[in-house]
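First up is the structure itself, then whatever we jot down about it.
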Amino acid sequence: MKLVRRHRNVPALEARKEATAGAATEPLSAPDVVAIPLRQHIGETCEPTVRAGDRVRIGDLIGESPAVVSANVHASVSGRVRDVGACPHPLGGDIGAVVIENDGNDEWTDLYVVPDPEGAGSDALRAAIRRAGVSGMAGAGFPAAVKLDPPAGSVIDTVIINAMEGEPYLSADHRTALEHADAVVDGARWIMRIVGAPYTVIAVESDKTDAATALERAAEAAGVSSVLEVRLMPRDYAAGAEKILVQSILGREIPGGGFPHDVGVVSQNVSTAVAISQAIRLGRPLTERVITVAGEGVQRPGNYLVRIGTSFDHVLEQVGTIGDIDRVIMGGPMMGIAQGDLSVPVIKPTTGILALSSTESRRVPEVACIHCAWCVEVCPIGLMPFFLVDVIRSGEPLTAEASHLFDCFECGLCDYVCPSNIPLVEVIRSGKSTISESRR
Amino acid sequence: MIVSASPHVRRSLGKKRVMWEVIASLLPAAIFGVWYFGPAATLPQLSASIGGAVIAQGFVERLRHHPVTVMDGAPWVTVVILGMSLPPGLNPLIALAGGAIATGVVKAFITTSTGRSLLNPAMVARVLIVSEFLVPATTFTVDGVSTATPLASGSPPSYLDLFLGMRIGSIGETTAVLLLVGGGYLLWRGIIRWHLPVAYLVGVVATSLLLGRDPFFDLLTGASILTAFFIITDPTTSPATVPGRVGFGFATATIATFIRITTLFPTGEALAVVMGNFATPFIDRVVTNRVYGTRRRAGRASA
Ligand code: SF4
Ligand code: SF4
């Protein structure tokens, strides 16, 4: 285990993981009804392949798309399709969805396993991943098979498995790395095979020594410790962002608007690596995932294995809620999305559900900027957020190039440290949409 | 339930808190000044300048329809520093007028469109008090305030006396040790970062050496320590990036020390800081960080 040193001025976020990090993953009872959105990833929405009244088993395909950038969707319970309609999407708006009534039998479909995976070529392996509907299980949710298919000519020399979980509260990836270390390492092996990379770095925060040790043991057991390194990274929220991770591990910067493969890297989140391993070894589609449920509003915080399509309501009912809940968030408190309607379903990139009290969220009225430049000091990208906000609010015309607005990945650090409580991210986002609209 | 944009958490170190912590870190030095020079020669001056500045600022902000910031602590830091940089025994009316005029003028005319002062009002006030009311201030100088060379009192003070603050000077600038304690606290809390103070102190030493003087003496006299930790670190009027701050701190120190040593003008620091302040908006446009993944620099973003 090698330790990478911190190289920027980064505030230590209150981790608030005590309540869940030590808790082993528990399965959450499946709901009576699931609503499975036909788009849970970046890319095209799937067409439903079932109709109301059809019987489905767990793992049956219920939506697919001919588009390259897309990911299949599967039933997460066995039962009868009640409806092919719409449901509210946790990322906002409504989305086409397949609603299934759970018969409680948990019958599985007949799994299709790649014959002789060890001998199979990259295309066959990618097809297995695609068939299983694996898409990024943190962040925006990019279809995994697409990410593992870098454009012809790009040479990938390093696979990065991202087990960094800088967001406060969340520990689902930590638990997954610890409890499924073998599958993480196996997933990493397949990824190396598929993209032809000779080396993998699994990046883990330095305080997750239990997970790091488990991963190292798994690598030894699989006989890959010479090509797979577990690297301890500083415990620092921004360090897990793909751009920053690539920079601190390899000293390379992903060009503005570019992709990791532009600098010879393919990166996947650890839970996605597990899903890839399960897709290839077991032929198992992605129908459930581990999420962290936490916050002061939650009675039994922990990590739960939840069927895709389970409503937030059901999850919160199962774990119990207490007190006044100020907001419910999908994901972490820094980049997650506040939900207005709790009938939204858990989707593949849902890392957690947080029910925060108002003391935790600590939103306070904005006051005038004092030019302290703390926002500048913490920005991992090197932007000057207070400048951007000044310009956006003044209504001066903006260009994307001059402003670098689109280089901001909305990590939220500037906003978090701002002593004047200026909603920097919100303003930056509005500036981005102004530019996008003017382009149309 | 609230549906607002991310992030959904926030650090507990807010503006008010920051400002009161800065004031708390100044208090030991201020209290020392009151004790050393005597309450009669210090308290009227402190309260007059503070009162004048606060009232003027609130008044102007109201007139200009800018948010009135008097109560969130920020102006208090400025006015406390203003009070502390006045000579003990100054006519309180002058302190009052100086504080009020300087703050009023800065807040009324020398701000950005959002109401941010471009000059440090405390330093403008100090410059103003010395030039406008030249007679009392220079008379006072002859009495020995703030001059680098202690006059008239026989043997020069020892380093220890200087370090402790047993010397002539402005109310709150003399005690290096207590100012260092306060500055250290701010560094430890992460409220200020080390680049500005270090650049400033290095600048003082460099200038002093260049002029063939004793750098320790120049560090411990005048307002070097106060300026390094509390005045040029004023966020509103100092540059935003590390390289900008290093250049700003060093240049300000050089000018300040040069003025202080080569003239008998007792406000070398104040004059230099005000000059530096004029450069800050320019520095912020030119000296910016490189943006990740590009060769370009972040900057003012208009088309
Ligand atoms: S952190 Fe907030 S107050 Fe400080 S410069 Fe940035 S926007 Fe202004
Ligand atoms: S949200 Fe954007 S501007 Fe703010 S710190 Fe993160 S990347 Fe920088």
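The values are calculated or read from the model by the stated rules, or taken from the named source; none is laboratory data. What you see is a predicted model, and the numbers here were worked out from it, not measured in a lab. Cβ sites come from the backbone with ideal geometry, for glycine too, and all protein chains shown count toward neighbours.
Find the residue count for the stretch B:186-205, including only residues that are out of contact with any helix residue (DSSP H, G or I) (no Cβ under 7 Å at 6 or more places or on another chain) and not in a loop (DSSP other than H, G, I, E, B).
The qualifying residues number 3.
Among the numbered criteria (1) of a type in the set (A, V, I, L, M); (2) within 16 Å of ligand 2 (Cβ to nearest atom); (3) at pLDDT below 90; (4) not in a helix (DSSP H, G or I), which single criterion is violated by A:Val367?
Only one criterion in (1) of a type in the set (A, V, I, L, M); (2) within 16 Å of ligand 2 (Cβ to nearest atom); (3) at pLDDT below 90; (4) not in a helix (DSSP H, G or I) is unmet by A:Val367, namely (2).
Restricting the search to the stretch B:48-94, which residues are part of a loop (DSSP other than H, G, I, E, B) and modelled with pLDDT under 80? Spell out the reasoning first.
Of all residues in the stretch B:48-94, those part of a loop (DSSP other than H, G, I, E, B) come to B:65-69, B:73, B:85-91.
Passing the criteria: B:His65, B:His66, B:Pro67, B:Val68, B:Thr69, B:Gly73.
When only residues in the stretch A:376-389 that are more than 24 Å from A:Ser248 (Cα to Cα) and touching a residue at least 12 places away in the same chain (Cβ under 8 Å) count, which is nearest to ligand 2 (Cβ to nearest atom)?
Step one: filter the stretch A:376-389 for residues more than 24 Å from A:Ser248 (Cα to Cα), giving A:386-389.
Next, only the ones that are touching a residue at least 12 places away in the same chain (Cβ under 8 Å) stay: A:386, A:388-389.
Numbers: A:Phe386: 10, A:Leu388: 7, A:Val389: 9 Å.
Step by step, filter the stretch A:376-389, then rank; the result is A:Leu388.
Being away from ligand 2 (no atom under 16 Å from the Cβ), charged (D, E, K, R), at pLDDT below 90 and assigned by TED's automatic domain parsing to the domain that holds A:Ala30 narrows it down to one residue among A:Asp324, A:Asp341, A:Asp313; which is it? Lay out the reasoning, then the answer.
Working: A:Asp341 fails: at pLDDT below 90; A:Asp313 fails: at pLDDT below 90.
Sole residue among the options that is away from ligand 2 (no atom under 16 Å from the Cβ), charged (D, E, K, R), at pLDDT below 90 and assigned by TED's automatic domain parsing to the domain that holds A:Ala30: A:Asp324.
Going through the stretch A:113-130 one residue at a time, which ones are under 28 Å from the mean Cα position of the chain (by Cα), outside any helix (DSSP H, G or I) and surrounded by fewer than 18 Cβ atoms within 10 Å (Cβ to Cβ)?
A:Val113, A:Gly121
Would a scan of the stretch A:391-411 turn up a residue that is near ligand 1 (Cβ under 9 Å from one of its atoms) and assigned to a helix (DSSP H, G or I)?
First, the residues of the stretch A:391-411 that are near ligand 1 (Cβ under 9 Å from one of its atoms): none.
No - not one qualifying residue is present in the stretch A:391-411.
Taking interchain pairs and intrachain pairs at least six residues apart, which have beta carbon atoms under 7 angstrom, with the first residue in the stretch A:137-151 and under 19 Å from A:Arg289 (Cβ atoms) and the second assigned to a loop (DSSP other than H, G, I, E, B) and among the charged types (D, E, K, R)?
Going by the 7 Å Cβ cut-off, the qualifying pairs are A:Met137/A:Lys348; A:Gly141/A:Lys348.
Just the residues that are within 16 Å of ligand 1 (Cβ to nearest atom) and not in a helix (DSSP H, G or I), please, taken from the stretch A:412-440.
Keep residues of the stretch A:412-440 that are within 16 Å of ligand 1 (Cβ to nearest atom), which gives A:412-431.
Passing the criteria: A:Gly412, A:Cys418, A:Pro419, A:Ser420, A:Asn421, A:Ile422, A:Pro423.
Which numbered condition in (1) touching a strand residue (DSSP E or B) at 6+ places or on another chain (Cβ under 9 Å); (2) within 16 Å of ligand 1 (Cβ to nearest atom) is the only one that A:Met384 fails?
A:Met384 satisfies all of (1) touching a strand residue (DSSP E or B) at 6+ places or on another chain (Cβ under 9 Å); (2) within 16 Å of ligand 1 (Cβ to nearest atom) except (1).
State all residues of the stretch A:377-390 that are part of a helix (DSSP H, G or I), in contact with an Asp or Glu (Cβ under 9 Å, 6 or more places away or on another chain) and within 14 Å of A:Lys432 (Cβ to Cβ); if no residue qualifies, say none.
Hit for the stretch A:377-390 is A:Pro385, nothing else.
When you scan the stretch B:215-252, how many residues do you find that are away from ligand 1 (no atom under 14 Å from the Cβ) and of a type in the set (S, T, N, Q)?
So the answer is 4.
Which residue, of A:Ile329, A:Ile347, is under 26 Å from the mean Cα position of the chain (by Cα), closer than 30 Å to A:Thr272 by Cα and either in a helix (DSSP H, G or I) or more than 9 Å from chain B (Cβ to nearest Cβ) (or both)? Can you show your working first?
Values: A:Ile329 fails: either in a helix (DSSP H, G or I) or more than 9 Å from chain B (Cβ to nearest Cβ) (or both).
On inspection, the qualifying residue turns out to be A:Ile347.
Any idea which residue in the stretch A:289-320 is nearest to the chain's Cα centre (by Cα), counting only those that are over 17 Å from A:Tyr169 (Cβ atoms) and buried (at least 24 other Cβ atoms within 10 Å of the Cβ)?
Residue satisfying both the conditions and the ranking: A:Ile308.
Could you list all residues from the stretch B:181-204 that are among the aliphatic types (A, V, I, L, M) and free of Cβ contacts under 8 Å to residues at least 60 places away in the same chain? First the steps, then the outcome.
Going residue by residue through the stretch B:181-204, those that are among the aliphatic types (A, V, I, L, M) are B:181, B:186-187, B:191-192, B:196, B:198-199, B:201-202, B:204.
Within the stretch B:181-204, B:Leu187, B:Ile192, B:Leu196, B:Val198, B:Ala199, B:Leu201, B:Val202, B:Val204 qualify.
Scan the stretch A:366-375 for residues that are within 7 Å of ligand 1 (Cβ to nearest atom) and in contact (Cβ under 8 Å) with a residue 24 or more places away in the chain and report the count.
Of the stretch A:366-375, the ones within 7 Å of ligand 1 (Cβ to nearest atom) are A:369-375.
Now drop any that are not in contact (Cβ under 8 Å) with a residue 24 or more places away in the chain, which leaves A:369-370, A:372, A:374-375.
Counting residues in the stretch A:366-375 that are within 7 Å of ligand 1 (Cβ to nearest atom) and in contact (Cβ under 8 Å) with a residue 24 or more places away in the chain gives 5.
Please give the number of the condition A:Leu398 fails out of (1) more than 9 Å from ligand 2 (Cβ to nearest atom); (2) under 22 Å from A:Ala241 (Cβ atoms); (3) at the interface with chain B (Cβ under 9 Å from one of its Cβ atoms).
Going through (1) more than 9 Å from ligand 2 (Cβ to nearest atom); (2) under 22 Å from A:Ala241 (Cβ atoms); (3) at the interface with chain B (Cβ under 9 Å from one of its Cβ atoms) one by one, A:Leu398 breaks only (2).
If a residue must be in a loop (DSSP other than H, G, I, E, B) and of a type in the set (Gly, Ala, Ser), how many such residues does the stretch A:275-297 contain?
Restricting attention to the stretch A:275-297, the residues satisfying the condition of being in a loop (DSSP other than H, G, I, E, B) are A:282-287, A:295-297.
Then keep just the ones that are of a type in the set (Gly, Ala, Ser); that gives A:283, A:295, A:297.
Looking only at that region, the number is 3.
For (1) in a helix (DSSP H, G or I); (2) assigned by TED's automatic domain parsing to the domain that holds A:Lys147; (3) more than 20 Å from the chain's Cα centre (by Cα), each residue gets a yes or a no:
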| position | (1), (2), (3) |
| --- | --- |
| A:Ile161 | no, yes, no |
| A:His174 | yes, yes, no |
| A:Leu178 | yes, yes, no |
| A:Asp182 | yes, yes, yes |
| A:Ala197 | no, yes, yes |
| A:Ala214 | yes, yes, yes |
| A:Arg217 | yes, yes, yes |
| A:Ser225 | no, yes, yes |
| A:Glu229 | no, yes, yes |
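State which residue pairs qualify: first residue within 8 Å of chain B (Cβ to nearest Cβ) and closer than 19 Å to A:Arg363 by Cα and inside the stretch A:406-433, second residue within 6 Å of ligand 2 (Cβ to nearest atom) and not in a helix (DSSP H, G or I) in any location, beta carbons under 6 Å apart, and separation of 6 or more residues or different chains.
A:Val425/A:Glu410; A:Val425/A:Gly412
Could you tell me how many of the residues in the stretch B:143-183 are at pLDDT 80 or above and not in a loop (DSSP other than H, G, I, E, B)? Reasoning before the result, please.
Going residue by residue through the stretch B:143-183, those that are at pLDDT 80 or above are B:158-183.
Cutting the leftovers down to not in a loop (DSSP other than H, G, I, E, B) gives us B:159-164, B:176-183.
Residues in the stretch B:143-183 being at pLDDT 80 or above and not in a loop (DSSP other than H, G, I, E, B): 14 in total.
Just one of (1) more than 21 Å from B:Thr262 (Cβ to Cβ); (2) at pLDDT below 95 trips up B:Pro197, so point out which.
The number of the failed condition is (2).
Let's see how each residue does on (1) part of a strand (DSSP E or B); (2) assigned by TED's automatic domain parsing to the domain that holds A:Ser311; (3) touching a residue at least 24 places away in the same chain (Cβ under 8 Å); (4) buried (at least 17 other Cβ atoms within 10 Å of the Cβ):
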{"site": "A:Glu14", "(1), (2), (3), (4)": "no, no, yes, no"}
{"site": "A:Thr20", "(1), (2), (3), (4)": "no, no, yes, yes"}
{"site": "A:Ala30", "(1), (2), (3), (4)": "no, yes, yes, yes"}
{"site": "A:Ala35", "(1), (2), (3), (4)": "yes, yes, yes, yes"}
{"site": "A:Ile62", "(1), (2), (3), (4)": "yes, yes, yes, yes"}
{"site": "A:Ala67", "(1), (2), (3), (4)": "no, yes, yes, no"}
{"site": "A:Ser76", "(1), (2), (3), (4)": "no, yes, yes, yes"}
{"site": "A:Val84", "(1), (2), (3), (4)": "yes, yes, yes, yes"}
{"site": "A:Ala97", "(1), (2), (3), (4)": "yes, yes, yes, yes"}
